[in-house]
Amino acid sequence: MHLTSKVYGEERRQQILQLLRTSPVPLTGSGLAKKMNVSRQVIVQDISLLKAKSEPIMATSQGYIYMHSHAPSKNAERLIACVHTPEQTAEEMRVIVDHGAAVKDVMVEHPVYGDLTASIMVHNRKEVEEFIEKITSSQSFYLSQLTEGVHMHTIAADSESVLDDVCQALDDKGFLIKDE
């Protein structure tokens, strides 16, 4: 009987993997749980097991995505340091996406845990609004609130000149931390 439940779990993980590989959009844990007729926590555990087997699954603010090696990627990336209030988060992200760049992640340096990084993967205004709504509706906090607004982002774009424009716009808003 124990063997049967383990096989069922592996079958479920293979189905999840297939759904992720073929989906053009991120899939939420809740959505996967409904399709598999299990709890969201079971899906979280399944995803952890798949990641432990080196499956390139990324958890983003929109849901889980399978990172295909042939997926189109931006040609240029830059790590930037920013500071602002929680209320200015949407404005910061809009500046980035409105200039044609994507916000890949957010990082903070926590005094106990060290560097903490969370994947964001926001590419346009709709995704910015969804991210902000998710933070608000779940009554969560921004990682930057752990560090008085100081944080870093990896931003990506098709060219270095787009990243230069993003940095200039963020600097104009007072969000960019620069070397003095």
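The values are calculated or read from the model by the stated rules, or taken from the named source; none is laboratory data. On a predicted model such as this, the values are computed, not experimentally measured, just so you know. Glycine gets a Cβ as well: all are built from the backbone with ideal geometry, and neighbour counts include every protein chain shown. Heavy atoms of the whole protein, side chains included, go into the accessibility calculation; ligands, DNA and RNA do not. Shrake-Rupley method; radii C 1.70, N 1.55, O 1.52, S 1.80 Å.
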Degrees, to the nearest 10: 89-98 long Cα axis against longest axis of the chain: 90
With DNA, RNA and ligands ignored, accessible area of residue 142 (1.4 Å probe; Å², nearest 10): 30
Cα long-axis angle, helix 2-22 against the chain (0 to 90 degrees, to the nearest 10): 40
The range 67-179 - Rg over Rh from alpha carbon coordinates, Kirkwood radius: 0.95
Solvent-accessible area of residue 110 with every protein chain in place, 1.4 Å probe, in Å² to the nearest 10: 40
For residue 177, residues with placed amide H under 5 Å, excluding near neighbours: 81, 82, 83
Positive minus negative residues near residue 164 (Lys, Arg vs Asp, Glu; Cβ under 11 Å): -2
Sum of -39500 (n - 2.57) over DSSP H runs of 4+, divided by residues of the chain (222 nm, nearest 500): -14000 deg cm²/dmol
Rounded, prolate or oblate (a/c below 1.5 giving rounded, otherwise prolate when a/b exceeds b/c) for the range 1-143 by Cα gyration tensor: prolate
Extended-chain gain in nm, criterion 0.36 nm per residue less alpha-carbon gap, residue 158 and residue 145: 1.7 nm
Accessible area (Å², 1.4 Å probe, nearest 10) - residue 154: 20
C-alpha long axis of helix 40-52 to longest principal axis of the chain, angle in °: 80
Cα lying deepest toward the dipole's positive end in the chain, options 97, 123, 67, charges on Cβ: 67
Sequence of 138, 144, 54 when ordered by accessible area, the most exposed leading, probe 1.4 angstrom: 54, 138, 144
Whole-number accessible area per residue in Å² for the range 19-165, which is evaluated in the context of all protein chains at 1.4 Å: 57
Amide H contacts of residue 121 (H built 1.01 Å from N, under 5 Å, at least 5 apart or other chain): 104, 105
Accessible surface ranking that places the most exposed of 161, 119 first, with a 1.4 angstrom probe: 161, 119
Model label zone, residue 118; criterion: amide N under 20 Å from point 7 Å along Cα-to-beta-carbon; scope the range 141-158: 141-156
